[in-house]
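One structure is given below, encoded as structure tokens.
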Amino acid sequence: MTLLSLAVAGYFTGQYATDSLQSLGSRNVGLADEYASRPLPIQIAFYTHISAAGLALAIGPFQFVRAIRRRRPGLHRWTGRVYLITIGFAAVAGFVMSFFNSAGLVGFFGFGGLAVLWAWVSYRAYRAARERDFASHRAWMIRSFALTFAAPTLRLWLGLLITVQNLAGSDAEGQEIFDNAYAAVPFLSWLPNIVIAELMIRRRNLPGLRFSPSPTPQRLTPPPEASA
């Protein structure tokens with residue numbers, strides 16, 4: 001998972017630093033052609049998203065390394081802050097981009113929902129750490145990285161869906177095969193991830209999601225002997 005995260009963060013982010021969107025779009029590099037003709041604010045959101053999300057993807061796996069947490073807690077805290085800040089930028093930019101995605105309404109709800117949920121679970125991870133509820137912090141960080149990992153899983157699903165169409169003898173060709181596959185990934189890229197994250201949280205006996213308010217803790221009063 002770490003190697004895949006670093007590979008995707010390095011390659012798919014770095015490719016947009018090699019040339020302009022117009023030039024990259026003419027060579028069909030990634031999403032360059034989709035955003036090359038967009039207004040400047042949308043292009044800024046695009047670059048903000050890929051750079052911030054790429055950094056979060058590169059940092060994320062190391063937040064779970066037990067040796068770093070135990071031996072270098074200061075490093076763990078600072079890299080955690082950078083991780084959460086980059087998600088803040090990436091999620092806002094990703095939500096803006098969801099209005100201009102190439103998958104239409106499905107893409108808006110899929111990628112837009114991912115951006116909102118990504119920001120929310122990451123904020124909950126930060127709040128739990130501030131409250132020194134480290135069990136909940138770990139659980140929310142697992143959810144957060146599961147959504148960060150949507151970048152690699154999106155590409156894995158694309159490859160799988162394109163391969164399935166080719167093996168099934170689909171009449172679609174070239175760009176149409178890619179478009180058919182891409183239409184499914186706005187949700188496939190992250191919904192299975194969050195399910196797996198919840199299974200991992202349960203396996204580690206970490207706090208699960210609550211769908212009803214937790215009972216108000218009762219304040220214990222000392223026995224008469226202790227107050228005498």
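The values are calculated or read from the model by the stated rules, or taken from the named source; none is laboratory data. Quick caveat, the model's predicted, so the values are computed rather than measured. Every residue, glycine among them, receives a Cβ derived from its backbone with ideal geometry; neighbour counts consider all protein chains shown. Each accessible area value is taken on the protein alone, full model and side chains, heavy atoms only, with ligands, DNA and RNA left out. Shrake-Rupley method; radii C 1.70, N 1.55, O 1.52, S 1.80 Å.
Figure legend. Inter-residue proximity from segment 145-173: first residues closer than 30 Å to PRO61 by Cα and in a helix (DSSP H, G or I), second residues of a type outside the set (Lys, Arg) and open to solvent by 70 Å² or more (accessible area, probe 1.4 Å), beta-carbon distance below 7 Å, spacing 6+ or different chains. Indicated pairs: ALA146/ILE196; ILE162/PHE178.
Restrict the check to segment 102-109 and report whether at least one residue is open to solvent by 30 Å² or more (accessible area, probe 1.4 Å), in contact with an Asp or Glu (Cβ under 9 Å, 6 or more places away or on another chain) and in contact (Cβ under 8 Å) with a residue 12 or more places away in the chain. Yes; the residues of segment 102-109 include at least one that is open to solvent by 30 Å² or more (accessible area, probe 1.4 Å), in contact with an Asp or Glu (Cβ under 9 Å, 6 or more places away or on another chain) and in contact (Cβ under 8 Å) with a residue 12 or more places away in the chain. Note on segment 174-187: among residues that are assigned to a helix (DSSP H, G or I) and open to solvent by 50 Å² or more (accessible area, probe 1.4 Å), the one that is modelled with the lowest pLDDT is GLN175. For first residues located in segment 1-25 and within 14 Å of GLN43 (Cβ to Cβ), partners that are among the β-branched types (Val, Ile, Thr) and exposed (fewer than 14 other Cβ atoms within 10 Å of the Cβ) and lie 6+ apart or on another chain with Cβ distances below 8 Å form the pairs LEU24/THR18. Close Cβ contacts (under 6 Å, 6 or more residues apart or on different chains) running from residues in segment 67-94 that are under 26 Å from GLY110 (Cα atoms) and touching a residue at least 24 places away in the same chain (Cβ under 8 Å) to residues that are surrounded by 13 or more Cβ atoms within 10 Å (Cβ to Cβ) and among the aromatic types (Phe, Trp, Tyr) comprise LEU84/TYR126; ALA91/TRP118. All of (1) in a loop (DSSP other than H, G, I, E, B); (2) open to solvent by 50 Å² or more (accessible area, probe 1.4 Å); (3) in contact with a helix residue (DSSP H, G or I) (Cβ under 8 Å, 6 or more places away or on another chain) hold for PHE95 with one exception: (1). Checked across segment 127-134, the condition of being at pLDDT 95 or above, within 15 Å of the chain's Cα centre (by Cα) and either among the acidic types (Asp, Glu) or part of a helix (DSSP H, G or I) (or both) holds for no residue.
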